[in-house]
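Following: one structure in structure tokens, then a few remarks.
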Amino acid sequence: MIKRFLLGWVVVYAFDSFSGYLIHDVLLHKTYMTLMPSLHSEDIKSKIWAFILTGVTGSFFYTLIYSSWKKYGTITEGIKYGFFIGTWMGLNMSLNTYASTGLIPFSLAMKWLIFSIIQYTIAGSLLAFVFNYKAKKVAT
């Protein structure tokens with residue numbers, strides 16, 4: 001169980017890092033550049049530690065909760081789990097940022113929500129695959 005958990009944690013962290021780069025540095029880059037004067041007065045690279053810390057802790061707790069929540073470890077369970085967590089986390093992050101800062105358009109908040117749901121859903125299916133694959137391998 002510990003090996004499945006650790007492998008799942010690493011897979012989720014790696015996927016989250018890669019998909020976060022794809023979403024924020026590739027897909028939303030133009031949007032961020034138009035908002036840059038009002039969003040960041042400092043160099044964002046000096047705060048990269050915060051992204052790393054939230055990525056490591058977020059993927060840890062995402063994996064920990066899944067390992068306790070799952071019943072059979074099926075891909076369907078992983079997709080449901082990812083969808084539920086993605087909707088919850090994405091909705092809170094995107095709408096709270098939109099409402100509290102007044103600096104981002106509602107359209108960006110909705111893009112964040114959609115990308116969060118997609119990202120967490122895929123991460124859930126990957127996590128289910130890791131847990132299910134390792135469980136089948138141990139059983140044989």
Ile117 vs. criteria at pLDDT 95 or above, over 27 Å from Lys30 (Cα atoms) and of a type in the set (A, V, I, L, M, F, W, C): no
Residue within segment 21-28 that is among the hydrophobic types (A, V, I, L, M, F, W, C), part of a helix (DSSP H, G or I) and within 19 Å of Val130 (Cα to Cα) present: no
Looking only at segment 43-94, and only at residues there that are open to solvent by 50 Å² or more (accessible area, probe 1.4 Å) and outside any helix (DSSP H, G or I), the one that is modelled with the highest pLDDT: Thr74
Test: Lys30 is open to solvent by 90 Å² or more (accessible area, probe 1.4 Å), under 21 Å from Thr101 (Cβ atoms) and at pLDDT 90 or above: yes
Subset tally (residues that are more than 14 Å from Met36 (Cβ to Cβ) and open to solvent by less than 50 Å² (accessible area, probe 1.4 Å)) for segment 95-104: 1
Residue within segment 119-126 that is without any contact (Cβ under 8 Å) to a residue 12 or more places away in the chain and open to solvent by 30 Å² or more (accessible area, probe 1.4 Å) present: no
Set Ile65, Ile79, Ile85, Ile75: member being among the hydrophobic types (A, V, I, L, M, F, W, C) and either free of Cβ contacts under 8 Å to residues at least 24 places away in the same chain or in contact with a Pro (Cβ under 6 Å, 6 or more places away or on another chain) (or both): Ile65
Of residues in segment 1-25 being among the aliphatic types (A, V, I, L, M), under 16 Å from the mean Cα position of the chain (by Cα) and exposed (fewer than 15 other Cβ atoms within 10 Å of the Cβ), the one nearest to Trp112 (Cα to Cα): Leu22
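The values are calculated or read from the model by the stated rules, or taken from the named source; none is laboratory data. Computed from a prediction, not measured in an experiment: that's the story for all the values here. In this analysis, Cβ positions are derived from the backbone assuming ideal geometry, glycine residues included, and neighbour counts consider all displayed protein chains. Just the protein is used for accessible areas: all its heavy atoms, side chains included, with ligands, DNA and RNA removed. Shrake-Rupley method; radii C 1.70, N 1.55, O 1.52, S 1.80 Å.
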